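The values are calculated or read from the model by the stated rules, or taken from the named source; none is laboratory data. From a predicted model like this one, the values you see are computed outputs, not experimental measurements. Neighbour counts are summed over all protein chains in view; Cβ atoms, including those assigned to glycine, are modelled from backbone coordinates with ideal geometry. With ligands, DNA and RNA removed, areas are computed over all heavy atoms of the protein, side chains included. Shrake-Rupley method; radii C 1.70, N 1.55, O 1.52, S 1.80 Å.
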Amino acid sequence: MFEEMIIDENNVGFIPSLGISFQMNDTAKKIIELIKEGKNKEDIVKILSDEFDVSWQDVYIDVEDFFQKLKVYGLIK
Amino acid sequence: MSKKYEKPVIIKVDFTMASKYGSPLKTQKVRSEIDDVNVRDLVEKFGSPLFVYSQRAIENKYNEFKEAFTSRYPDTQFWWSYKTNYLDAICKVFHKLGSKAEVVSEFEYEKARTLGIEGKDIIFNGPYKPKDALKKAVEEGAKIHIDHWYEINDLEEIAKELGKEIPVAIRCNMNTGVYPQWSRFGFNIDNGEAMDAIKRIFEGKKLILTGLHSHIGTFMLSAAAYGAEVRKLIELKNMIEENFGYEIEYIDIGGGFASKNRLKGVYQSPEVIVPSADEYAEAITNAIFEFNKGKLPKLYLETGRALIDEAGYLLTSVWAGKRMPDGKKSYIVDAGVNLLYTAFWYNFDIALDKRYEGLNEPSMINGPLCMNIDVISENIMLPPLNRGSVLSIWPVGAYNVTQSMQFIRYRPRIVLIDKDSNPHLIKEADDLDYVREKEILPEYLK
Amino acid sequence: MDKIKLFFKPYVSILFLRDFKAGFVLFLLSFLLPSVGLLGIVAIISTIAFAEIAGVREHYLKYGFYLYNSLLVGMGVGYFFDVSLLSVILTSILAVLTFLISFGLNRMFINFALPILSFPFAIVSMLFYLASLKYNSLVTNILHRVPLFDMNLPFSAFFKSMGTIFFLPYNIAGLIISLIILFYSRILFFLAVIGFIAGVWVHSFFIPFNASLNSFYNFNFILISMALGGIFLIPNIRSYVIAIIAVILSVILIDAFVVFFNLYLLPVYTLPFNMITTLFILLASIGYKYFNYFIKGTPEKSLEYYLSNIFRFGGKDIKINLPFSGKWSVYQAFDDEWTHKGEYKYAYDFVIKINNKTHQNEGTLLEDYYAFGEPVLAPISGYVVAMRDDLEDNFIGNVDRINNWGNYIIIKSLDGTFYVEISHLMKNSITVKVGDYVQMGQIIGKCGNSGYSPEPHIHIQVQFSPVLGSKTVPFKFMDYIKGNKLYYYSLPKKDEEIEATIVDKTIRIRFNFILDDSFIYEIYENNEKIDEIKFSVKMNEKGEFYFTDGENRLYFYLSEKMFYFYEYDGGKSYLKEIFKLSPRIPLINKNIVYKDILPVNIIKGFEKYLIEFLLSFNYNLFNKPIEYEKKPLEIVSKFGKVTFSFYEKGFKTIEFKNKKLILRNEK
């Protein structure tokens, strides 16, 4: 689904075939772009942790939480 | 280095999400200070969870109600209802403001006495008054409000033992047009039971009727109900003075005024449905002027909730967050229904300690207890919170402390912020010794 | 006793005064010419007798003019004819005729709010004169008409004219009448003099001075001047000028009448006075600002009453109460920068501020605003004529420009002369509906944020039409408290924090005096009991209540929020002191300081005679406020102190100088 998703400058992600939109923030947008690039959860955690200089244990919880949300929305399995 | 880290947030946009107050995804309710004291500082100094009372708020409310009543009816006296909050410091604040005491048990009576309140400044209510406590109260000059026929007999025996007549009041109940009617306390006026009780008192020749009391309910949203209550009490007073020659010195209309708490199941906001002090005062004093014959009685009020509820806050810290299978975010905080018994009836106002980055998402707030009912807020829009975020829950000043349970976790500290914004510790947290203090381990189990 | 007063009142009514004692003096004076005196009495007695027979006693008791017209007729007959059986019968007949004409004329004039003055007398006298031409058996006394005594005086022309009013054109008569007028009212005397001078002087432009000075009809100038300058108009410079103008106009009128009537040998009498005065009164009653609607015993009293009304009770301004309770701040006042401009400039906006902010927390939510949800009270008693409360309360940051008044209510005043409109109320919060009666102070809704409202506030304005959006008109607030000061009939300024007053009905009950309530006080001087005195509550014919100690009268009134004294009749007494000690009592349970003004006749001693006269030239002489302090059960001022009890009616103690009155409890 992410291939389809178009994210505009207000961080709203739109999936044309389903006609649904998602409001997200910068970090979420970044993670989705990383997913599109084929990165997995552990990779994403490391990248974020390095970029923002935050401990990977803390980031792990957030990314895990984010993936749960994506599952709820049916965007990933 | 680079930009500040923000937790990732994604929310499906739903155009049917309507709200009275602007965008639900962005509006955050922030309360970073109570009486100019930062909530994080309070938690840092005194621990979490933490009950916080604002003396300024207490005094403002008390003065508001006092003004509303005394400007219309100068001879009004407030009697602080101990069961609403019997912390020594809080009671002292009210007594210093001029309020007397209203108690409903021998324990509360003793507590008031230890605070230095004299018997004559205590109203003793309640259906259960053990005889020796009753006798002591009578000896010390307390105002006894009789609840049932057995109590009349008890008092007459005491009168005989002490060799003197006892001034008393009777509690009445009546139909005030609202549901539920608290009909199991006192004597019913509508079916004549109250009149019978007075006749019994008169014939007993040992008790002198000096007052009439009623307490029609709690969290009353109708000022008119009080008008009806006062009317029936005053009409009863007129009849008594005419038929028995007693001079009814006072009418005690009890308490029950509502606070700006949000009742579960009620859609409208408290500003819309909760009557103001003036509305209650207007209904009550108008009824007195309209129906009273003879000398105007003193007006006693046992207001509790309305005076203290909005002055009390509970600070609680977020410990962890979870994502529920349905997508809702669940936060675990360190205060639960063990401390907020009234959470079963009210949707508290919950505020953040500062503005958070990110969009709100549907969340719920759960307490620390390992019990499924431990839910403080079922459904609330919150931004992503960290461990350590401090939430302030309001209004919790009434009943929560007195009804809190020593269950699973120790009861927390309680702080009172004075009018100069200095926080004072008024109750220490429970500890193991305190909990075990009254336990006795039988020999054979040692 | 009253019957006797009735007898002498007509004499003094001719001079527009009321004290029967002066009437008695004039009665005696009338015997200067015995026939005038006697036939005067005959006229009065005949009229009273007829009125009794006709059964209209009540009417002639209330309205003195029935009798003074008859009296004038009688005196007029006596001036020209000796006393004889014939002249007595004639007088009786004429008196009754005068009475009927007075009655009839009054029924007509009253539709125009005009007094009949002495028209009946003038008409009847003319009729009589015409008839008498045929009565040969009536012999005039013109040859031997001589007063019992007289004297020479300077200004004799003036005195003779004065006397002519009573058919006694003699120096001594004019002197006594002048002294009576001077004694009761300096203003009337002043008017009599300037009227005479102005009339004579202008007349002398057209005829030789001596003829002008000694003209028989100069008394008309005196009467016109007194009537217009002091009685029917409130005395002030403008009224005096109008009076003089009227006098000048009458100069021509008199000469015209004299010439015309002389053709038929008819007397002119007071016809010029009646005509001119009536014309002027007709004009003034329509729009003259100083038209006297409440004619009192003397011009001084009328003036004090008028000034009391303006300086003590806010005059004719529209007055409304604050529509809230507790402390609120003024957000916008009259003619203010945002929305109170042009046709909508007479309006007030109120908010609640705590620590100088109108909201707590960040002010992003409606419930953060202290004013939101607060009860709104009816500012006047009246009827609801329009309302709407279905509009949403806008969230902060949003305003409704289409329905810019928001949820509103319009209330019509009890007397129907104005409407009060309140805006921006909370949705579904209005507790009354169109047609309902509301009592001032009753809760009618809650402060909301509907309409064009950037934040929750109460908007209030007064208009002359019941239509929403009508032009606003100026008004004043009946009372409000700022700090610890109570202000009456004024307007607070922008950003001031004021508090509304609430009626303490328990005090009000104790000032609700009824007829025949009486209070006995023990009087102590320097702590020794010297006397006792009793005050009773009585009511006069007009339904006005007063305290009396038997001689003096202290008039009081109990309004919604105030008990006050407004008039005092009499001399030095304890009642007068009570007026000084508590001219008004605010019926509110708060410690406050307020100002009131005492009428000149209350506070001044002998100099009051001069000041009352000068008052007509400068109204500000009246405006001398005195400060009073109200504490829970007492009122304190520089004059002393009064206290009231919690359970009994009236005043408990009255203290001033070294005296103290204590209410004696009746068991």
Answer residue from region A:64-77, given it is facing another protein chain (nearest Cβ under 9 Å) and aliphatic (A, V, I, L, M) and is nearest to the chain's Cα centre (by Cα) among those: A:Leu70
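Conditions tested, residue by residue: (1) open to solvent by less than 10 Å² (accessible area, probe 1.4 Å); (2) within 14 Å of chain B (Cβ to nearest Cβ); (3) among the aliphatic types (A, V, I, L, M).
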| residue | (1), (2), (3) |
| --- | --- |
| C:Asp368 | yes, yes, no |
| C:Val384 | yes, no, yes |
| C:Ile396 | no, yes, yes |
| C:Tyr419 | no, no, no |
| C:Ile422 | yes, no, yes |
| C:Ser429 | no, yes, no |
Residue that is within 14 Å of chain B (Cβ to nearest Cβ), surrounded by 18 or more Cβ atoms within 10 Å (Cβ to Cβ) and within 30 Å of B:Phe69 (Cβ to Cβ), where the choices are C:Ile352, C:Ile320: C:Ile352
Set B:Arg411, B:Arg387: member being within 22 Å of the chain's Cα centre (by Cα) and closer than 22 Å to B:Val337 by Cα: B:Arg411
Single residue of B:Ala351, B:Ala343 found to be in a helix (DSSP H, G or I) and assigned by TED's automatic domain parsing to the domain that holds B:Thr402: B:Ala343
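Go over the candidates C:Phe579, C:Phe613, C:Phe617 one by one and state the one that is under 26 Å from C:Phe519 (Cα atoms), touching a helix residue (DSSP H, G or I) at 6+ places or on another chain (Cβ under 9 Å) and either of a type outside the set (Phe, Trp, Tyr) or in the same structural domain as C:Leu515 (by TED's automatic domain parsing) (or both).
On the way: C:Phe613 fails: under 26 Å from C:Phe519 (Cα atoms); C:Phe617 fails: under 26 Å from C:Phe519 (Cα atoms).
Just a single option satisfies the conditions, and that option is C:Phe579.
Filter region C:401-412 for residues that are away from every other protein chain (no Cβ under 14 Å) and either at pLDDT below 95 or open to solvent by less than 10 Å² (accessible area, probe 1.4 Å) (or both) and give the result.
Once the filter is applied, which keeps residues that are away from every other protein chain (no Cβ under 14 Å) and either at pLDDT below 95 or open to solvent by less than 10 Å² (accessible area, probe 1.4 Å) (or both), region C:401-412 yields C:Arg401, C:Ile402, C:Asn403, C:Asn404, C:Trp405, C:Gly406, C:Ile409, C:Ile410, C:Ile411.
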Qualifying residues in region C:431-465 (those that are closer than 18 Å to C:Gly326 by Cβ and part of a strand (DSSP E or B)) - the one nearest to the other protein chains (Cβ to nearest Cβ): C:Ile443
The listed residue being within 11 Å of chain B (Cβ to nearest Cβ), touching a residue at least 24 places away in the same chain (Cβ under 8 Å) and either in contact with a Gly (Cβ under 8 Å, 6 or more places away or on another chain) or closer than 21 Å to B:Asn386 by Cα (or both), out of A:Ile44, A:Ile61, A:Ile32: A:Ile32
Cβ pairs under 7 Å, 6+ apart, first in region B:255-273 and in a helix (DSSP H, G or I), second basic (Lys, Arg): B:Pro270/B:Lys260; B:Pro270/B:Arg262
Qualifying residue in region B:247-262 (condition: among the small types (Gly, Ala, Ser), in contact with a helix residue (DSSP H, G or I) (Cβ under 6 Å, 6 or more places away or on another chain) and under 27 Å from B:Met405 (Cβ atoms)): yes
C:Ala211, sole failed condition from (1) assigned by TED's automatic domain parsing to the domain that holds C:Gly287; (2) surrounded by 15 or more Cβ atoms within 10 Å (Cβ to Cβ); (3) more than 21 Å from C:Asn274 (Cα to Cα): (2)
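Give me the residue from region B:179-217 that is in a strand (DSSP E or B) and among the polar types (S, T, N, Q) and, out of that set, least open to solvent (accessible area, probe 1.4 Å).
Only one residue fits best here, namely B:Ser214.
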Test: C:Trp338 is assigned to a loop (DSSP other than H, G, I, E, B), of a type in the set (Phe, Trp, Tyr) and over 35 Å from the mean Cα position of the chain (by Cα): yes
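Only residues that are aromatic (Phe, Trp, Tyr) and open to solvent by 60 Å² or more (accessible area, probe 1.4 Å): list them for region A:35-56, please.
At the first step, the residues of region A:35-56 found to be aromatic (Phe, Trp, Tyr) are A:52, A:56.
Scanning region A:35-56 gives a single hit, A:Trp56.
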Qualifying position, being open to solvent by less than 10 Å² (accessible area, probe 1.4 Å) and in a strand (DSSP E or B), among C:Ile533, C:Ile498: C:Ile498
Residue among B:Lys160, B:Lys120, B:Lys129, B:Lys143 that is charged (D, E, K, R), touching a helix residue (DSSP H, G or I) at 6+ places or on another chain (Cβ under 8 Å) and either open to solvent by 30 Å² or more (accessible area, probe 1.4 Å) or within 20 Å of B:Gly256 (Cα to Cα) (or both): B:Lys143
Filtered residues of region B:283-299 (kept if open to solvent by 40 Å² or more (accessible area, probe 1.4 Å) and either more than 9 Å from every other protein chain (Cβ to nearest Cβ) or among the charged types (D, E, K, R) (or both)): B:Glu290, B:Phe291, B:Lys293, B:Gly294, B:Lys295, B:Lys298
Count of region B:89-142 residues which are among the aliphatic types (A, V, I, L, M) and in a helix (DSSP H, G or I): 9
Number of the exception - B:Asp252 against (1) within 12 Å of chain C (Cβ to nearest Cβ); (2) surrounded by 21 or more Cβ atoms within 10 Å (Cβ to Cβ): (1)
Residue in region C:203-224 that is in contact with a Pro (Cβ under 7 Å, 6 or more places away or on another chain) and assigned to a loop (DSSP other than H, G, I, E, B) present: no
Total residues in region C:273-290, condition modelled with pLDDT of 90 or more and crowded, with 17+ Cβ neighbours inside 10 Å: 8
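Any residue at all in region C:597-609 that is assigned to a loop (DSSP other than H, G, I, E, B), among the acidic types (Asp, Glu) and open to solvent by 10 Å² or more (accessible area, probe 1.4 Å)? Can you show your working first?
Filtering region C:597-609 for residues assigned to a loop (DSSP other than H, G, I, E, B) gives C:598-599, C:604-607.
Now drop any that are not among the acidic types (Asp, Glu), which leaves C:607.
Add one more test, that the residue is open to solvent by 10 Å² or more (accessible area, probe 1.4 Å), and what stays is C:607.
Looking for residues that are assigned to a loop (DSSP other than H, G, I, E, B), among the acidic types (Asp, Glu) and open to solvent by 10 Å² or more (accessible area, probe 1.4 Å), one finds at least one in region C:597-609, hence yes.
Under the condition of being part of a strand (DSSP E or B) and free of Cβ contacts under 8 Å to residues at least 60 places away in the same chain, which residue from region B:147-178 is farthest from B:Ala112 (Cα to Cα)? Steps first, please.
In the first step, residues of region B:147-178 are kept if they are part of a strand (DSSP E or B); the result is B:166-173.
Now narrow it down to the ones that are free of Cβ contacts under 8 Å to residues at least 60 places away in the same chain: B:166-168, B:170-171, B:173.
Details: B:Ile166: 21, B:Pro167: 20, B:Val168: 20, B:Ile170: 22, B:Arg171: 21, B:Asn173: 26 Å.
Taking the candidates together, the pick is B:Asn173.
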Selected residue (only one of C:Gly78, C:Gly40 is modelled with pLDDT of 90 or more and buried (at least 23 other Cβ atoms within 10 Å of the Cβ)): C:Gly40
Every pair of residues 6+ apart whose Cβ atoms lie under 7 Å, when the first sits in region B:318-330 and is farther than 11 Å from B:Pro384 by Cα and in the same structural domain as B:Asn379 (by TED's automatic domain parsing) while the second is among the charged types (D, E, K, R) and open to solvent by less than 50 Å² (accessible area, probe 1.4 Å): B:Trp319/B:Asp334; B:Arg323/A:Asp65; B:Arg323/A:Lys69; B:Arg323/B:Lys329; B:Gly327/A:Lys69
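Within the bounds of region B:274-281, is there any residue that is β-branched (Val, Ile, Thr) and farther than 30 Å from B:Asp430 by Cβ? Reasoning before the result, please.
Start the filter on region B:274-281 by keeping residues that are β-branched (Val, Ile, Thr), which leaves B:274.
Right, trim to farther than 30 Å from B:Asp430 by Cβ and you get B:274.
Checking region B:274-281: at least one residue is β-branched (Val, Ile, Thr) and farther than 30 Å from B:Asp430 by Cβ.
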